[in-house]
Each structure stands twice: as C-alpha cells, then as structure tokens.
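Take a look at the structure set out below.
Read-outs: derived from the displayed coordinates by stated rules, not from any lab. Please read these numbers as outputs of a predicted model, since none were measured by experiment. No Cβ is skipped: glycine too gets one built from the backbone with ideal geometry, and neighbour counts run over all protein chains shown.
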Amino acid sequence: MLRLTFDDNGTSHGDLRLQFGKFARTGDSYYLGLDTGIEPADDSRPAKIQAVLRHLLEQWSERLRHLADEETTYLPFEFSDEYTGWLRCRRQGENVQVDIGWSMLPGYEVRPSEFHAHPFRVPDFDPIPDAGEQEVPLAELLADIAANRTDVVDLHPPVTDPTSIFEHYRGSYGSELLTAAVCHFNVLGLLSREAMDFETLRGAIGLQKRSAVVLITALRAMGLIRTDAEGKLALTTLARQHLVPGHTYDIGDYIGLSATAPGVLEMVERLRSGRPRQNDGAGVAFIYRDGTACAMESTEQARHFTLALAGRARNVAPVLAEKVPLGSARTLLDLGGGTGIYSIAFLKRNPHLAATVLDRPEVLRIAEEFRTRYQVENRLDLVAGDMLTDDLPKSDVILLSNVLHDWDEEQCADLVARCAAALKPGGRILVHDVFLSDALDGPLPVALYSAALFTLTEGRAYSVAEYRTWLEAAGLTVTGPTPTLVHCGVLEAFGQRTDTWGRGGLSLA
C-alpha cells in the first residue's frame with residue numbers, strides 16, 4: 001500500500017507521512033505551503049497543504065500512467081532544506097519497480113505546481129537500504145494513489161470559500177419573489193395604505209402561513225418592509241418611493257416585464273398552493289410521504305439529487321467535523337444522511353467512532369459507494385428506513401444536517417422529540433442547517449434559500465429561536481450556533497450529563 005498523508009499537528013514539521021508497504025517515513029509540509037503556483041498563493045494553512053498535496057498526487061498518477069516500458073520516473077515525497085525524498089519508479093511490463101531514496105536537491109527547488117511541466121531528473125538518487133526495492137503491479141499502484149487523492153481532496157475544508165457562488169446561484173429566487181410580491185400579490189401596495197400585523201397582511205394577500213413567512217421574510221431581507229414602533233409591518237422609505245403604484249419614481253411596471261416569466265408564475269403557484277412541486281420531472285419533491293411522488297423513491301432521480309447535494313456536502317462536511325469535536329462519543333446516528341459524507345468526515349477525525357446513516361433505500365445505494373470509496377465499511381452502517389416513524393437506535397450523537405428544513409414546524413418538533421428520546425445519557429443532537437434571524441428579517445441569502453426549500457419540500461429555513469423552542473421542549477440544553485460554511489451553522493443540544501460524553505471529552509456532572 002502506498003500512501004502520502006498530511007496530519008495537521010499545529011506545526012509544519014513531522015506532519016507528512018509516507019507509507020509504502022512496511023516502510024514508513026515522516027517529513028515536513030513547510031515547503032508545500034510555500035508553493036505559490038497553487039491558490040491561495042500566500043496561504044500555508046492546512047487547507048493549502050491539502051491542495052498542494054492533492055496536486056502532487058495527481059502528478060504522481062499522471063507520470064505513472066504515461067510511463068513507458070523500461071522508462072524511469074522520480075516522484076517526490078519529502079521536502080527539506082538540504083535534501084528531498086523520492087520514489088524511483090521503473091516500468092517493467094505490467095509492474096513497477098519502486099526504490100525509496102534521497103537527493104541533495106533542496107526542497108525549496110521542487111515545486112509540485114511545476115512538476116508536470118518540468119519532471120525532475122534526480123542524478124544523485126541514493127537508495128535507502130532499509131526501505132528495500134519493491135515490485136508492484138502498476139494498476140495496484142494507481143489504485144492506491146487514487147484512494148489517497150480521494151481522502152485528501154474530499155475530506156478536508158476547501159482552500160477557497162464557495163459561499164458567493166451559492167449566493168449567485170440562488171439569486172433568481174429574489175427576482176421571482178419580488179416580482180410575485182409586486183405584480184401578483186400587491187403586497188407593497190397594500191402596506192402603502194396602512195401598516196399591518198403579520199396575520200392581517202397574510203389574510204389580505206390570501207396566503208397560508210408558510211407561504212407568507214417565506215415571501216415576507218424575503219421582502220424584509222431586501223430592505224422593503226420594516227417593523228414600525230407598534231410592531232406592525234410597514235414600508236421602508238426605499239419601497240415607498242419606488243414600489244408604490246402611482247408614485248413619481250415607481251418602477252413597478254419595469255418589474256412587471258417579468259410578471260409572466262415561467263419562474264415567476266411557478267413561484268406564484270407554489271405560494272398560492274402552499275405545496276411543493278410534485279409531478280413535474282426533475283422538480284419532483286424531495287420529501288417522502290405515502291402517496292406522494294418523491295425523488296428519493298426513484299433510482300434515477302435519487303441518484304441525481306443525492307449526488308447533486310453531495311457537491312455542497314463535500315465542502316461543508318469537513319468544516320463541520322473540524323468545528324465540533326466529539327470527545328469520547330462512540331456512536332453517531334446520521335438521519336437523512338444521504339451519501340454519508342458527513343458521517344465519513346466525522347469518522348476520519350474520530351478513529352474510535354462508529355456511525356449509522358438512516359435514509360431511503362434508493363439513497364443508500366449511493367451511500368454504499370461512498371462507504372467503499374472512503375474505506376469505512378467496518379465503521380459505517382447503512383440502515384434503510386423512515387426517520388419519521390421507525391424506531392431510532394440509541395446513540396451518543398444524533399446528526400440532523402440540512403434535514404429539519406424539509407419539514408413543517410409540527411413535524412420538526414416531533415422529530416426533535418424522537419431524537420431526544422433516542423439519545424444515550426449525556427448525548428447530544430447536532431442541528432446543522434441555515435438559520436434565519438430571530439426577527440425573520442434576513443439574512444437575504446438564507447431568505448432566498450428558504451424560498452428554494454419552500455418550492456421542493458414541506459419546510460423552509462427556520463430561526464435559531466424556532467429551533468431552540470423545539471429542542472428545549474424536548475428537555476435539551478442548547479448552545480450555538482457555530483458557523484461552518486455556505487451560510488450554515490450548527491446548534492448543539494445536550495441531554496442530561498451524567499458520567500458520559502461532554503463536548504471535549506469525558507464529563508462528570
């Protein structure tokens with residue numbers, strides 16, 4: 001087995017480890033962090049080291065794939081002030097003869113970002129006697145490197161923050177909600193006549209509560225509706241000047257150019273019906289109900305949606321696992337865990353942990369692939385079931401990552417209570433999600449994501465106060481939220497602590 005791994009020990013020394021068969025060697029990551037050819041150029045944080053290491057492993061794989069018979073190539077693995085460590089690889093038919101050794105070429109002259117364009121010759125290569133020479137099938141060597149790359153790439157926080165990309169992507173919901181409010185529901189025209197409380201305004205525009213919360217929260221986040229001294233909803237100066245019919249600077253007709261756009265009409269229909277999309281191909285609802293078309297019951301759609309959601313999870317999961325130490329907890333239950341990537345991220349950081357993903361059968365087909373890919377088959381169980389009705393296994397930690405926002409308030413309260421009952425003594429629930437402000441007036445990116453959730457599920461984005469109400473009603477003590485990535489954060493809700501697991505280790509209450 002060939003592995004080159006990075007173990008963040010808080011320094012840049014002794015944190016790179018080469019494992020090849022029985023031979024093991026530790027080195028320094030210092031010069032990897034100085035490689036300005038890989039973004040960010042001036043960053044030596046662990047995420048930067050991982051990015052450079054990923055690139056290096058890609059170049060290893062590239063060189064070996066194109067290695068001709070009887071040709072030799074050198075793959076660097078250790079970088080020091082006065083020397084470098086190398087794997088000397090010579091192709092012999094379907095096998096590769098590998099020697100491990102040194103060169104006096106200094107580490108600062110070997111930049112992984114330049115390795116592909118300028119493969120290094122190592123004329124002073126000096127084999128390490130204790131390492132010995134090994135002959136390995138080329139296919140096996142490439143498979144080892146591929147597995148190594150997967151671990152490096154997918155289970156560490158990204159070097160750059162993708163939040164702005166998500167904001168651009170979800171921006172269309174702002175256009176649709178604004179146009180619906182101005183051209184179809186006359187929300188701002190009604191408020192121009194008098195301030196109203198939420199229920200009065202909701203009745204005037206004829207919307208159910210969930211629909212009205214999504215629409216009005218977005219308008220407040222846009223700076224168009226405010227709360228007056230009496231606690232009623234009123235127009236801001238911006239809205240009064242530009243979105244009141246008949247005003248000198250009214251731009252309502254301009255916005256009306258989009259009044260019949262397909263996305264706007266779809267949003268209007270969703271707001272009026274209060275129901276998620278159902279029987280419209282790729283727009284089918286995420287949520288599962290008996291008698292309701294659900295994407296997660298179709299093999300093809302379940303795969304499409306689950307892998308799509310995994311794109312965000314790959315970025316966020318390692319940040320969550322980094323931000324929330326699990327101490328001495330032994331068992332993690334990941335409800336609606338999809339690919340299992342959140343569980344896998346926690347497993348990689350907590351070697352004593354075992355995890356269970358509970359989800360729909362078609363979803364677990366993809367989780368099985370991820371479990372194998374990340375080599376956690378012996379530590380990650382996959383259980384097909386319905387988290388809303390099935391008995392939940394007792395666990396030290398229960399993870400609800402981007403789950404509760406799929407359901408209405410009553411269902412959320414019920415699921416939280418069921419999770420609390422399934423906690424082992426001293427256990428905790430992790431609610432990882434986006435959070436609206438307690439006043440339900442923003443932030444705008446979360447308000448727009450709430451609209452996306454509204455169109456596909458029975459839920460929406462909720463505030464910390466709403467989550468706290470459900471968690472405390474279940475007898476839990478709530479802390480947080482702690483920010484993670486892409487507008488997400490995590491609330492930790494603890495059960496009664498006895499002689500069991502606290503946040504950082506054993507807790508004796």
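Hey, which of these cross-link pairs are over 28 Å Cα-Cα: K48/K348; K48/K323; K232/K323; K348/K424; K209/K394?
The answer is K232/K323; K209/K394.
Under the 0.36 nm per residue contour assumption, what length would be gained going from the current alpha-carbon distance of H66 and K22 to full extension?
On the way: separation 44, 0.36 × 44 = 15.84 nm, distance 2.68 nm.
Roughly 13.2 nm would be gained on extension.
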Query raised in the report: Of the beta bridges DSSP finds with both residues in the chain, what % are antiparallel, to the nearest 5?
Result: 70 percent
Query raised in the report: Once the chain is represented by equal point scatterers at the alpha-carbon sites, with solvent omitted, what log10 I(q)/I(0) does the Debye formula produce at q = 0.11 Å⁻¹?
Result: -1.00
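Compute for segment 2-158: radius of gyration divided by Kirkwood radius, i.e. Rg/Rh, restricted to C-alpha atoms, rounded to two decimals. Walk me through the numbers on the way to the answer.
Working: Rg = 14.6 Å, Rh = 15.6 Å.
On the Cα set of segment 2-158, Rg over Rh gives 0.93.
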Report task. Take peptides 198-210, 70-82, 441-453 and line them up by average Cβ neighbours within 10 Å, highest first, as a rough protection proxy. Result -> 441-453, 70-82, 198-210
Requested in this report: Would you mind classifying segment 164-274 by shape? Square roots of the alpha carbon gyration tensor eigenvalues, ordered a ≥ b ≥ c; an a/c under 1.5 is rounded, otherwise it is prolate if a/b is larger than b/c and oblate if not.
Outcome: rounded
Query raised in the report: Scaled to the compact-protein estimate 2.2 N^0.38 Å, what is the alpha-carbon radius of gyration of segment 379-509, rounded to two decimal places?
Result: 1.07
Query raised in the report: How much length, in nm to one decimal, is gained on full extension between D390 and D124, taken as 0.36 nm per residue of separation minus their Cα-Cα distance?
Result: 89.2 nm
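Given R₀ = 60 Å, what would the calculated FRET efficiency be for D414 paired with H13, taking r from the Cβ atoms and rounding to 0.05?
Values: r = 52 Å, r/R0 = 0.86.
It comes to 0.70.
Give me S343, S437, S211 sorted ascending by neighbouring Cβ count inside 10 Å, so fewest comes first. Mind dumping the intermediate values first?
Working: S343 32, S437 16, S211 21.
Least crowded to most crowded, the residues run S437, S211, S343.
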Requested in this report: Would you kindly state how much longer the chain becomes between H247 and E140 on full extension, computed as 0.36 nm times their sequence separation minus their alpha carbon distance, in nm to one decimal?
Outcome: 31.2 nm
Query raised in the report: Using a simple spin-label model with points 7 Å from Cα along the Cα→Cβ vector, what separation in nm is obtained for T160 and T227?
Result: 3.9 nm
